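Q: I have a structure I would like to understand better, so I am pasting it below and will then ask my questions one at a time.
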Amino acid sequence: MEKTYIIAEIGINHNGDLNNALKLIDIAAASGCDAVKFQKRTPELAVPENQKNIMRDTPWGKIKYIDYKYKVEFEREEYDLIDSYCAERGIEWSASAWDIEAIHFLKDYEIPFIKIPSAKLTDHILLVAAVKNFDTLVISTGMSSEEEIDEAVNIIEKAKKRLKRDTSICILHCNSSYPAPIEQLNLSAIKTLKDKYPDYKVGYSGHELTLGTTVSSVLLGAEVIERHITLDRNMWGSDHSCSVTPWGLFKLVSGVRELERAYGDGKLKLERSEEEAKKKLRG
């Protein structure tokens with residue numbers, strides 16, 4: 001079994017505080033994750049019009065939703081520091097792009113992939129821009145029907161052909177509930193995606209409260225796994241409650257690595273470790 005690529009999704013769980021982001025990078029690096037991922041938005045473009053002026057209670061007081069989104073958004077200064085800090089810690093970083101300006105912003109960094117989040121899977125202009133500007137594209141399928149997934153793949157393939165791009169694609173099975181009910185994870189859809197798109201990498205983006213389900217996704221063929229991480233599930237913010245704590249992240253990564261070591265080749269045989277026991281017990 002090949003090594004699973006593990007992404008620790010910081011997203012906006014830094015709550016607009018760079019020190020929180022750096023602490024989460026430290027935790028992800030120490031646990032053995034391959035990458036951390038953020039979310040990059042241009043709030044004026046990414047926030048729906050009917051949501052912009054809704055008032056929300058926040059750590060900065062009661063403010064408009066769009067103003068809150070600006071409060072938690074990192075810009076060039078923060079991402080320059082994140083870029084250099086991840087290099088020092090030996091871990092890759094990337095981000096989900098929620099709009100075209102975010103694509104152009106992230107293009108200035110040497111990141112290993114760009115991600116289009118589940119909420120933007122039907123934004124075909126964004127998909128084309130991602131293909132145009134990045135060599136590896138990751139998409140999540142949360143909230144999406146099979147027809148919407150097929151349509152996104154079709155748009156991506158047409159863009160690759162038209163732009164003469166060899167962008168590699170990874171599809172992450174996902175349930176976008178926060179947290180996602182165990183009985184609705186439908187992990188067997190990972191195999192369905194692998195059978196349907198044999199030329200793509202397939203993985204899993206989990207929002208459930210448990211860890212074992214994410215580890216088991218590797219047995220179903222997930223080559224990439226992604227989980228939100230937090231310093232504390234009790235912190236303010238919508239994503240913290242379904243995120244993995246530092247201790248949980250260590251357990252998750254070790255669980256995946258143990259599974260990789262234990263997987264084997266499937267052949268029925270006498271293992272070297274059994275030879276002495278066989279001599280003793282069978283003569």
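Q: Of P43, H228, A129, which is farthest towards the positive pole of the chain's charge dipole, taken about the Cα centre with +1 and -1 on the beta-carbons of Lys, Arg and Asp, Glu respectively?
A: Among P43, H228, A129, the one farthest towards the positive end of the dipole of the chain is H228.
Q: Next question. Please check which bits of the stretch 246-282 a label hung off K23 would reach, taking the label as a point 7 Å along Cα-to-C-beta and the cut-off as backbone N under 19 Å.
A: Under cut-off, by backbone N: 246-251.
Q: Just the number, please: percent antiparallel of the DSSP beta bridges in the chain, rounded to the nearest 5. Don't jump to the answer; show the numbers that get you there.
A: Numbers: 4 of 38 bridges.
Percent antiparallel among DSSP bridges in the chain is about 10.
Q: List, largest first, the extents of the alpha carbons of the stretch 32-117 along their principal axes, each in whole Å.
A: Reported extents, whole Å, longest axis first: 40, 26, 23.
Q: Using the Cα atoms of the stretch 143-283 to build a convex hull, what is its mean projected area in square nanometres?
A: Seen from a random direction, the Cα hull of the stretch 143-283 projects 12.8 nm² on average.
Q: Run through every distinct alpha carbon pair of the chain and return the Kirkwood hydrodynamic radius in angstroms, one decimal place.
A: 20.0 Å
Q: Could you calculate the contour length gain from R272 to E49, that is, 0.36 nm times the residue separation minus the distance between their Cα atoms, to one decimal place in nm? Each step should come with its number before you reach the end.
A: Working: separation 223, 0.36 × 223 = 80.28 nm, distance 6.48 nm.
Length gained between R272 and E49: 73.8 nm.
Q: Let me ask something additional. Assuming R0 = 25 Å, can you tell me the calculated FRET efficiency for the pair Y70 and N234, based on Cβ-Cβ distance, to the nearest 0.05?
A: Using R0 = 25 Å, I get an efficiency of 0.55.
Q: Next question. Show me, bin by bin at 10 Å from 0, the whole-percent P(r) of the stretch 203-271 based on Cα pairs.
A: 19, 45, 23, 9, 3, 1
Q: Output the relative contact order of the stretch 23-81, whole-number percent, from Cα pairs under 8 angstrom with separation of 6+ residues.
A: Relative contact order, the stretch 23-81: 24 percent.
Q: Quote the relative contact order of the chain in percent (integer), defining contacts as alpha-carbon pairs under 8 Å separated by 6+ residues.
A: Over the chain, the number comes to 19 percent.
Q: Related question: List, in the order given, every pair from K160/K201; K3/K201; K40/K158; K40/K115; K37/K196 whose Cα-Cα distance in the structure shown is over 19 Å. Don't skip to the answer; put the middle values down first.
A: On the way: K160/K201 16 Å; K3/K201 13 Å; K40/K158 26 Å; K40/K115 10 Å; K37/K196 27 Å.
Beyond 19 Å between Cα atoms: K40/K158; K37/K196.
Q: Please give me the summed charge of the neighbours of R41: other residues whose Cβ is under 10 Å from its Cβ, Lys and Arg +1, Asp and Glu -1.
A: Computed value for this residue: -2.
Q: Determine the dipole magnitude for the chain: charges of +1 sit on the beta-carbon of Lys and Arg, -1 on that of Asp and Glu, nothing else is charged, the reference point is the Cα centre, and the result goes in debye to the nearest 20.
A: 720 debye
Q: Evaluate the Kirkwood expression for the hydrodynamic radius of the stretch 137-218, namely the inverse of the mean inverse distance over all pairs of different C-alpha atoms, and round to one decimal in Å. All intermediate terms of the calculation are to be shown ahead of the outcome.
A: Numbers: mean 1/r = 0.0742 Å⁻¹.
After inverting the pairwise mean of 1/r, the radius is 13.5 Å.
Q: For the stretch 18-47, list residues with backbone N below 11 Å from a point placed 7 Å from the Cα of E101 toward its Cβ?
A: In the stretch 18-47, the label zone of E101 (backbone N under 11 Å from the point 7 Å along Cα→Cβ) covers 41-47.
Q: How many angstrom lie between the C-alpha centres of the stretch 221-276 and the stretch 1-51?
A: 18 Å
Q: Can you give the Kirkwood hydrodynamic radius for the stretch 79-221, in Å, rounded to one decimal and based on Cα pairs? Working shown, then result.
A: On the way: mean 1/r = 0.0626 Å⁻¹.
Roughly 16.0 Å, rounded to one decimal.
Values quoted throughout were computed directly from the atomic coordinates according to the rules given, and no laboratory measurement underlies them. Fair warning: this is a prediction, and the values are worked out from it, not measured in the lab. Glycine gets a Cβ as well: all are built from the backbone with ideal geometry, and neighbour counts include every protein chain shown.
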